[in-house]
């Protein structure tokens, strides 16, 4: 695996969240509601603008009904592509 920048890591995580969210037919607003996180925060995460805290990562994974490890594994697949 090649080293990636912090920005690339945040972008990869955001793209992964968006992939899971859209696959489940959720709007950013609905995901935010389920995760108890503000809608604009979700948008920032998906655009790679947030250095997201572990607690919020877990909240988002739970709201997407996926394990945090599955979310991370999918993100890592995107990094390697």
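The values are calculated or read from the model by the stated rules, or taken from the named source; none is laboratory data. Being a predicted model, the structure only gives us computed values, none of them experimental. Please note: Cβ atoms are built from the backbone with ideal geometry, for glycine as well, and neighbour counts cover all protein chains shown.
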Search result, residues across segment 10-57 that are in a loop (DSSP other than H, G, I, E, B), free of Cβ contacts under 8 Å to residues at least 40 places away in the same chain, over 10 Å from the mean Cα position of the chain (by Cα) and under 20 Å from residue 73 (Cα atoms): 53
Sole residue being surrounded by fewer than 15 Cβ atoms within 10 Å (Cβ to Cβ) and either modelled with pLDDT under 95 or out of contact with any strand residue (DSSP E or B) (no Cβ under 7 Å at 6 or more places or on another chain) (or both), chosen from 40, 11: 40
Of residues in segment 58-71 being free of Cβ contacts under 8 Å to residues at least 24 places away in the same chain and part of a helix (DSSP H, G or I), the one nearest to residue 14 (Cα to Cα): 61
When residues of segment 72-81 are limited to those that are in contact with a helix residue (DSSP H, G or I) (Cβ under 7 Å, 6 or more places away or on another chain) and modelled with pLDDT of 90 or more, the one nearest to residue 11 (Cα to Cα): 75
